[in-house]
1. Which pairs turn up if I take residues in the stretch 102-117 that are more than 14 Å from residue 20 (Cβ to Cβ) and look for partners that are basic (Lys, Arg) with beta carbon separation below 6 Å, at least 6 apart in sequence or on another chain?
2. Out of everything in the stretch 113-135 that is surrounded by 11 or more Cβ atoms within 10 Å (Cβ to Cβ) and farther than 23 Å from residue 75 by Cβ, what residue ends up being farthest from the chain's Cα centre (by Cα)?
3. Among the residues in the stretch 103-116, are any closer than 27 Å to residue 9 by Cβ and either assigned to a helix (DSSP H, G or I) or of a type in the set (A, V, I, L, M) (or both)?
4. Given the conditions (1) under 26 Å from residue 145 (Cβ atoms); (2) modelled with pLDDT under 90, which single one is not true for residue 68?
5. So which pairs qualify, if the first residue must be in the stretch 70-99 and at negative phi, the second must be of a type in the set (Phe, Trp, Tyr) and in a helix (DSSP H, G or I), the Cβ gap must be under 9 Å, and the two must be at least 6 apart or on different chains?
6. Taking the stretch 81-96 as the region of interest, how many residues are in a helix (DSSP H, G or I) and either touching a His at 6+ places or on another chain (Cβ under 6 Å) or surrounded by 13 or more Cβ atoms within 10 Å (Cβ to Cβ) (or both)?
7. Can residue 42 be described as out of contact with any Phe, Trp or Tyr (no Cβ under 6 Å at 6 or more places or on another chain), farther than 24 Å from residue 139 by Cβ and either of a type in the set (Asp, Glu) or modelled with pLDDT under 95 (or both)?
8. Pull up the stretch 57-80, narrow it to residues that are in contact with a Ser or Thr (Cβ under 9 Å, 6 or more places away or on another chain) and in a loop (DSSP other than H, G, I, E, B), then point me to the one that is surrounded by the most Cβ atoms within 10 Å (Cβ to Cβ).
Amino acid sequence: MFSISRQSAKAKGRAGEMEVLGMLSNIIRQEYATRGWPWPEHGVLRRGPNGKDIVGLAWLAPEVKRHEKVNDFSMEMWWNQAKDNAPKGSEAVLLWRQNNACWRVRMFGRLAFGAGGAVRCPVDITIENFLLWFQHRLRFEYDKLASSVSRASNS
């Protein structure tokens, strides 16, 4: 029976983190260019210390998993880890990919039920939908930042 070595599993995990880091960094780089902001020498995002997969945006707490096989038990374990590790006020996001499969994402969503009401619950979405959400949320956060800097300089 084939057993993946611990070292090989860690390498696969790092490769997954770098893959996701690249996708997110591309969107951030485009937003910087659109705003005419200079790109920071070391970028915005990086692999994090102490079990944090990717750091650099206070409002986002991504947990990245790249595994040979994915089952319901591992999904629940990873989702709990993502929620537990997310700092207060940040969005817990689990990004996972099984061998030879597409990236998937679990995060909290709001399911509307009429008269303006909604229920907050975990939802599983495609990586494309997540990246679209990420782009819009990034713009919102950067608009807030630009507005606060503008107000501060006018004071």
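The values are calculated or read from the model by the stated rules, or taken from the named source; none is laboratory data. Quick caveat, the model's predicted, so the values are computed rather than measured. So basically every Cβ, Gly included, is an ideal-geometry build from the backbone, and we count neighbours across all protein chains shown.
1. 108/120; 110/120
2. 118
3. The answer is yes; a qualifying residue exists.
4. (1)
5. Listed by first residue and then by second, the contacts come to 70/78; 92/79; 93/130; 93/134; 94/78; 94/79; 95/130; 96/78.
6. Adding up the residues that qualify gives 4.
7. no
8. 57
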